[in-house]
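> Just dropping this structure here.
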Amino acid sequence: MSNLLEVRDVHTYIGQFHILQGVTVTVPQGTITALLGRNGAGKTTTLKTILGLTPPRQGQVILDGREIQGLRSFDIAALGIGFVPEHRAIFRDLSVAENLAIAERKKGDLARKEDLIYGLFPDLKRLIKLGGDHLSGGQQQMLAIARALVADNKLLLIDEPSEGLAPVLIEQMIAAIHQLSAETTVLLVEQNFVVASQLAQHYVIIEEGRSVKSGNMADLVNDRATIHRYLGAA
Amino acid sequence: MASATGFLPAVRDALNRNRTRIIVLAVLVMLLLMATRGMSAQDWVITLLRGLSVAAVTFLVASGFSLIFGLMDVLNLAHGMLFMLGAYVGWTVYTRPDTAVDVVTPLAWLIAGFMLMPLWGRLLGRVSLPHRVARLWPWLGLLVAVVILALSLSRYPIAMWDPTIYNQSPVVYSLMLDQGQLKMPEPATASAMALALGLGGALIGSALAAASLAGLRHREASGPTTGRLQWGALVVPLVLLVIGLGVYAINEPLTAALFNLDTTWRFLLAVIVATLTGAGLGGLMESTLIRPLYARPIYQLMLTLGLGVIGREVVVALWGRTQITMSAPTLFAGSGKGCPATSVSDWLAKQCSTISFMDARVRTYNEILVILVGVLVLIVIGLLIQRSRLGMIIRAGVQDREMVEALGINVRRVFTLVFAVGVGLAALGGVIAGPAMGLSDDMGESLLLLALIALAIGGLTSFPGAAVGSVLVGVLQQFIIKYGQIGIQLPFLPQPFKPTPPLVPASTVLLMVIILLVMPQGLFGRKE
């Protein structure tokens, strides 16, 4: 099994703060990998470092065998990485249709992906003309994920998909992410361990800016001690 | 929350959400209507039109400023200076086309040299220099380049006015044009040697400067470089060189043709040249000076403030400190038999400077053309923002720049483009304002202030806000000026109250204060 993404011992600074102090993550092709850890551990920064939004000062990020650290972030994204930021950051001033259209990298991207997107999120079709500021939390999250699916992406970075959603919606979200992982590889950040354990096959735990443990999710689920030590909750 | 469906609930929803805005606007409209009782109908119409004319110019400055601020968070304090520069460049093309033609050749060669920068960057990527040499040579190169440019360009022959000699000052050329006595001035002459030195120096100097800048940038950049060298990097400079030579070859017939052109067409040319110059300057400013400072807002502020001051001094040095007038083009200047015109077709036939409308004499340039340009820009830029992909990216970028970049969109290129458009609009405002308001070295600052007040009223980053704010500020200002002449009967005052001139700017600031107290984000601002 080959690795689509390898993050090797990256160090990232934000201003003077040494946020990531050695994070190593490997994401095998065609799987879902979850970044776990407490608040402020550096999970979101890891995603942003991969994308070049907060470029690393040390270490390597390798996508499909090619070093991408140091590239400009829009060039990195154009290599085939889709990003679903936390807090459901869709564009409020744009309609649903525009939120999808802006993600096109080639003409006709959206038309080609329509079936996939509306298959996953049938609601979006009904809402297509609405302004982004008229959507509910769950609809916004669907749109944010759909937006990352418009272009041909090999890898999706999803930040906190279940955050602030009602249990019913979380169920839908889990189903949708499972379904789309048939097409793309996923690296996701998830606070909610129950959700993460249902989604991911692999995990990496980040603690105070360092990756401290990684392995198969199936093993972690039974490892009460580790869960308690790094994630707090059981 | 389920969205409201059906027409009536949607309307009720919209009314509820915009309650304060609607009340404020309704109060303002009522005040405007009440003003009809204090003055005659024709005075009211004229004052309103004058207000809209000021509003149109203000809007051209304000909309560009707000586009730039909204997308890039750059408060471009040089915007007023660029507005003024637009007016002066426009004046030059309009009144002294010979100077404009003379400038084209060295300018084209200069730009050609600078456009070699990507090429140098590529080449520098191939050679590795010792650390100390790599640090030092760009600065040395830059110094030498500046000396070469200064020496060569100062020798290049350009026919020009001279603000220190009255007979050859811009004021006199404006007067001559106004009286139809403007003839082609003596062309500047120089030896073939000076010419060759001037052009060669422009090219070599700018190429050296470009190489040095590429060296500076190369030193800072880290990580692998990407992208292929495109042929455009070589073709465009070559084309510019050829254009420069071509214009030089036809310099005299071109100048003569421009002097013989009807002033309406020359004015149109002046508008185009000034707008493009502004856009070019804006793009250049963003890509060279502003871009390294995005992370440092205070430095940015100091930079644009400083550029404003420098630009103003350059204008004073080139065109002089005296106020210059710019005569309206012939289409708007006629005053003989049959004027004022009675209808639009009558005006177009007789080319009158005024047209009667509701017994009032409306000036065709100030109160019709200027307003039309404002409305046109409102529509064009509005459509651009609402309908085009670029507009979509701008609207998205105003909210979340990082996310737009994460979609694989080169936001930097969009920044440069928006900066160019914003400054181009300011320059367009300047040249349009020229014949209506005259040219002076403080026109930029006073208009920037008015535009800032308009934006504070309308909401700093809102495009419709810029329009509404400009209209409010312009109309209010003109009504206060009118009342200064005829007086206004206020309750509890025995005599009509006549606002003194200092109250004119004070009134707009007062309106801003009141609106900001009721709506801290401005009329159309968005809560963060």
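> With the condition kept exactly as written, say whether any residue in the stretch A:41-63 is in contact (Cβ under 8 Å) with a residue 12 or more places away in the chain, under 19 Å from A:Gly215 (Cα atoms) and in a loop (DSSP other than H, G, I, E, B).
Yes: the stretch A:41-63 contains one or more residues that are in contact (Cβ under 8 Å) with a residue 12 or more places away in the chain, under 19 Å from A:Gly215 (Cα atoms) and in a loop (DSSP other than H, G, I, E, B).
> Kindly provide the set of residues from the stretch B:117-162 that are among the small types (Gly, Ala, Ser) and in a helix (DSSP H, G or I), ordered by number.
B:Gly121, B:Gly125, B:Ala134, B:Gly141, B:Ala145, B:Ala150, B:Ser152, B:Ser154 - these are the residues of the stretch B:117-162 that are among the small types (Gly, Ala, Ser) and in a helix (DSSP H, G or I).
> Let me ask something additional. Consider B:Thr277 carefully, then state whether it is farther than 19 Å from B:Arg401 by Cβ, among the hydroxyl-bearing types (Ser, Thr, Tyr) and assigned to a loop (DSSP other than H, G, I, E, B).
No: the conditions fail for B:Thr277.
> Determine the pairs where a residue that is surrounded by fewer than 24 Cβ atoms within 10 Å (Cβ to Cβ), located within the stretch B:433-458, has a partner that is in a helix (DSSP H, G or I) and basic (Lys, Arg) with Cβ atoms under 6 Å apart, the partner being 6 or more residues away or on another chain.
Listed by first residue and then by second, the contacts come to B:Asp441/B:Arg312.
> Return the total of residues in the stretch A:126-171 being surrounded by fewer than 21 Cβ atoms within 10 Å (Cβ to Cβ), over 23 Å from A:Arg105 (Cα atoms) and charged (D, E, K, R).
Adding up the residues that qualify gives 4.
> If I go through the stretch B:289-303 residue by residue, how many of them are of a type in the set (D, E, K, R) and either exposed (fewer than 13 other Cβ atoms within 10 Å of the Cβ) or not in a helix (DSSP H, G or I) (or both)?
Counting residues in the stretch B:289-303 that are of a type in the set (D, E, K, R) and either exposed (fewer than 13 other Cβ atoms within 10 Å of the Cβ) or not in a helix (DSSP H, G or I) (or both) gives 1.
> Of all residues in the stretch B:472-503, how many are outside any helix (DSSP H, G or I), free of Cβ contacts under 8 Å to residues at least 60 places away in the same chain and in contact with a Pro (Cβ under 6 Å, 6 or more places away or on another chain)?
So the count comes out to 1.
> Output the residues belonging to the stretch A:119-151 that are touching an Asp or Glu at 6+ places or on another chain (Cβ under 7 Å) and either within 27 Å of A:Leu63 (Cβ to Cβ) or part of a loop (DSSP other than H, G, I, E, B) (or both).
Once the filter is applied, which keeps residues that are touching an Asp or Glu at 6+ places or on another chain (Cβ under 7 Å) and either within 27 Å of A:Leu63 (Cβ to Cβ) or part of a loop (DSSP other than H, G, I, E, B) (or both), the stretch A:119-151 yields A:Met142, A:Val150, A:Ala151.
> Is it the case, given these coordinates, that A:Phe74 is crowded, with 17+ Cβ neighbours inside 10 Å and without any contact (Cβ under 8 Å) to a residue 12 or more places away in the chain?
Spelling it out, A:Phe74 is indeed crowded, with 17+ Cβ neighbours inside 10 Å and without any contact (Cβ under 8 Å) to a residue 12 or more places away in the chain.
> Among the residues of the stretch A:186-224, how many are without any contact (Cβ under 8 Å) to a residue 24 or more places away in the chain, crowded, with 16+ Cβ neighbours inside 10 Å and of a type in the set (D, E, K, R)?
Of the residues in the stretch A:186-224, 1 are without any contact (Cβ under 8 Å) to a residue 24 or more places away in the chain, crowded, with 16+ Cβ neighbours inside 10 Å and of a type in the set (D, E, K, R).
> Which of the residues belonging to the stretch A:81-101 are in contact (Cβ under 8 Å) with a residue 40 or more places away in the chain, within 7 Å of chain B (Cβ to nearest Cβ) and more than 21 Å from A:Glu183 (Cβ to Cβ)?
The answer is A:Ala89, A:Phe91, A:Arg92, A:Asp93.
> Here is a list of conditions, (1) in contact with a Leu (Cβ under 9 Å, 6 or more places away or on another chain); (2) modelled with pLDDT of 85 or more, and B:Ser3 meets all of them except one; can you say which number that is?
(2)
> Does the stretch B:33-43 include one or more residues that are part of a helix (DSSP H, G or I) and closer than 18 Å to B:Val370 by Cα?
No, there is no match, as no residue in the stretch B:33-43 is part of a helix (DSSP H, G or I) and closer than 18 Å to B:Val370 by Cα.
> Looking at (1) closer than 20 Å to A:Thr184 by Cβ; (2) more than 10 Å from chain B (Cβ to nearest Cβ), which is the only condition A:Ile76 fails?
Among (1) closer than 20 Å to A:Thr184 by Cβ; (2) more than 10 Å from chain B (Cβ to nearest Cβ), A:Ile76 violates only (2).
> Of the residues B:Ala360, B:Ala349, B:Ala396, which is of a type in the set (Gly, Ala, Ser), in contact (Cβ under 8 Å) with a residue 24 or more places away in the chain and either touching a helix residue (DSSP H, G or I) at 6+ places or on another chain (Cβ under 7 Å) or away from chain A (no Cβ under 14 Å) (or both)?
Within the list B:Ala360, B:Ala349, B:Ala396, the selection yields B:Ala360.
> Let me ask something else about it. Of the residues that make up the stretch B:206-213, is at least one within 26 Å of B:Pro292 (Cβ to Cβ), modelled with pLDDT under 90 and within 14 Å of another protein chain (Cβ to nearest Cβ)?
no
> Show the residue pairs that are 6+ apart or on different chains and have beta-carbon atoms under 7 Å apart, the first residue being within the stretch A:116-137 and more than 10 Å from chain B (Cβ to nearest Cβ) and under 23 Å from A:His178 (Cα atoms), the second being aromatic (Phe, Trp, Tyr) and surrounded by fewer than 16 Cβ atoms within 10 Å (Cβ to Cβ).
So the pair list comes out as A:Leu124/A:Tyr118; A:Lys125/A:Tyr118.
> Ok, one more. Are there any helices (runs of 4 or more DSSP H) wholly within the stretch B:332-441 with 3 or more residues that are touching a Ser or Thr at 6+ places or on another chain (Cβ under 9 Å), and if so which?
It comes to B:370-387, B:401-406, B:411-437.
> Go through B:Gly306, B:Gly280, B:Gly246, B:Gly320 for me and flag whichever is surrounded by fewer than 20 Cβ atoms within 10 Å (Cβ to Cβ) and on the phi > 0 side of the Ramachandran plot.
Of B:Gly306, B:Gly280, B:Gly246, B:Gly320, the one residue that is surrounded by fewer than 20 Cβ atoms within 10 Å (Cβ to Cβ) and on the phi > 0 side of the Ramachandran plot is B:Gly320.
> Next question. Among the numbered criteria (1) surrounded by 15 or more Cβ atoms within 10 Å (Cβ to Cβ); (2) at pLDDT 85 or above, which single criterion is violated by A:Ala89?
(2)
> I would also like to ask the following. Quick one: is B:Asp178 in contact (Cβ under 8 Å) with a residue 40 or more places away in the chain and either farther than 28 Å from B:Gly429 by Cα or not polar (S, T, N, Q) (or both)?
Answer is yes for this residue.
> State which residue pairs qualify: first residue farther than 13 Å from B:Ala207 by Cβ and inside the stretch B:127-148, second residue charged (D, E, K, R) in any location, beta carbons under 8 Å apart, and separation of 6 or more residues or different chains.
What qualifies is B:Ala134/B:Arg219; B:Arg135/B:Arg219; B:Pro138/B:Arg219.
> Could you please let me know if B:Leu143 is among the hydrophobic types (A, V, I, L, M, F, W, C), in contact with a helix residue (DSSP H, G or I) (Cβ under 9 Å, 6 or more places away or on another chain) and within 12 Å of B:Thr95 (Cα to Cα)?
Against the criterion (among the hydrophobic types (A, V, I, L, M, F, W, C), in contact with a helix residue (DSSP H, G or I) (Cβ under 9 Å, 6 or more places away or on another chain) and within 12 Å of B:Thr95 (Cα to Cα)), B:Leu143 does not qualify.
> Could you tell me which numbered condition B:Arg389 fails, if it satisfies all but one of (1) within 14 Å of chain A (Cβ to nearest Cβ); (2) modelled with pLDDT under 90?
Among (1) within 14 Å of chain A (Cβ to nearest Cβ); (2) modelled with pLDDT under 90, the lone unmet condition for B:Arg389 is (2).
> Which residues, taken from the stretch A:60-73, are β-branched (Val, Ile, Thr) and within 10 Å of chain B (Cβ to nearest Cβ)?
A:Ile68
> Among (1) more than 7 Å from chain B (Cβ to nearest Cβ); (2) in contact with a Lys or Arg (Cβ under 8 Å, 6 or more places away or on another chain), where does A:Glu104 come up short?
(2)
> Among the residues of the stretch B:411-422, are any more than 14 Å from chain A (Cβ to nearest Cβ), in contact with a strand residue (DSSP E or B) (Cβ under 7 Å, 6 or more places away or on another chain), touching a residue at least 12 places away in the same chain (Cβ under 8 Å) and not acidic (Asp, Glu)?
Looking through the stretch B:411-422, none of the residues is more than 14 Å from chain A (Cβ to nearest Cβ), in contact with a strand residue (DSSP E or B) (Cβ under 7 Å, 6 or more places away or on another chain), touching a residue at least 12 places away in the same chain (Cβ under 8 Å) and not acidic (Asp, Glu).
> Any idea how many residues of the stretch A:22-40 are within 13 Å of the chain's Cα centre (by Cα) and part of a strand (DSSP E or B)?
Selection size over the stretch A:22-40: 6.
> Tell me, yes or no, whether the stretch B:46-60 has at least one residue that is surrounded by 22 or more Cβ atoms within 10 Å (Cβ to Cβ) and of a type in the set (D, E, K, R).
Within the stretch B:46-60 (the criterion being surrounded by 22 or more Cβ atoms within 10 Å (Cβ to Cβ) and of a type in the set (D, E, K, R)), the answer is yes, since at least one residue qualifies.
The values are calculated or read from the model by the stated rules, or taken from the named source; none is laboratory data. Predicted, not measured: the structure shown is a model, and the values here were computed from it. Counting neighbours? That spans all protein chains shown, and the Cβs are built from the backbone with ideal geometry, glycine included.
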